[in-house]
Structure formats: C-alpha cells, structure tokens
Amino acid sequence: MTNLKPLALLGLGLVALSSCANQPQAEKSKAMIFTVADTGTTTTLFAGQSFEVKLLGTPTAGYSWEVQTLPAGVVLVDKKSEPENPKGRAQRMVGGNDWTSFRFKTSSAPADLQATTGQALVLRYARPWEFEAGKPADQIWQMQIVVKPGS
C-alpha cells in the first residue's frame, strides 16, 4: 500500500501541471466586456477572440440599441436584453431600464491589417421608427477595432 502513495502523488502533480499549462489559452478565450465608459476608444483583438458590449437602455419607451456598423473581421454572435431590476419585473412593475448585451467574435484578421485602421464598431440608441424617418440616433457608442492574427 505504501508504494502506491508516491504514484498517486505523481499522478495528482501531473494533473495540476496540465491544468496550469492550459490556463493562458483559457484566459485568451475569456470574453472581454465593454461598457459606455469604453466609447471612443480603440482596442486590438486576436482572431477567434470573443467580446461583449453591455449598455443600458429603456426599451419600454421604445428605445433600443442596434448595430449600425461592424468592422471587418467582427461577427455578431448574440444579442440579449435583461432587466436592470429583475425583482421589479418579477413583481410585474411596468417600465424600467434593461441591459442590452451584444456578444461578438472576431472571425479572422483581414489580409491587409492596415485596412482595419479606422474601422469602428458602431451601436446606435434610438426608436427604430424615428431613426428610419431620418431622425438621428439619440446616442452613439463606438469603438475602433483592430483584428490581428491569433498568437
């Protein structure tokens, strides 16, 4: 029985080492979250990296956040809305704000990386029928995105 202890410890050590070796990849695939504070900034992402933009709005008054422009190499994966005050909604309170979350993924780096300079992800906040009638968006959120090949 005592001969098995060193083997068991060796096995546990190998498992621990292998999980540490994979940690940088796990962090690389972790989604970054951008908010209203990040508007007007520039970020560099790698091909295959995910990121999220989370903004507060008032859909009960007809306002919603929508994608206006996607830069090359960025794909919209999902859009969801969650109440700012879930307890209020559970109590059937009317109105209130919602968090709109856009999840994006970089598909690939464009062949000419210089072409991505100046390309922005632009989200607009407006009532859709007013925007279609020519009224400008009430708010614009934008971020310059540069997609580089995976490292």
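Here, each number is a calculation from the coordinates, and none is a lab measurement. Every value quoted in this text rests on a predicted model; they were computed, and no experiment measured them. Neighbour counts run over all protein chains shown; Cβ positions are idealised from the backbone, glycine included.
Near residue 105, once Lys and Arg are set to +1 and Asp and Glu to -1 for all other residues with Cβ below 12 Å from its Cβ, the sum equals -1. Under 5 Å between amide hydrogens, built in the peptide plane, is the criterion, and for residue 107 it picks out 48, 74, 75 among residues at least 5 positions away or on other chains.
Just want the ordering: 32, 143, from fewest to most Cβ atoms lying within 10 Å of their own Cβ.
In increasing order of surrounding Cβ atoms, one gets 32, 143.
Residues whose amide H falls under 5 Å from that of residue 98, counting only those 5 or more places apart or on a different chain, are 57, 58, 84, with hydrogens built in the peptide plane.
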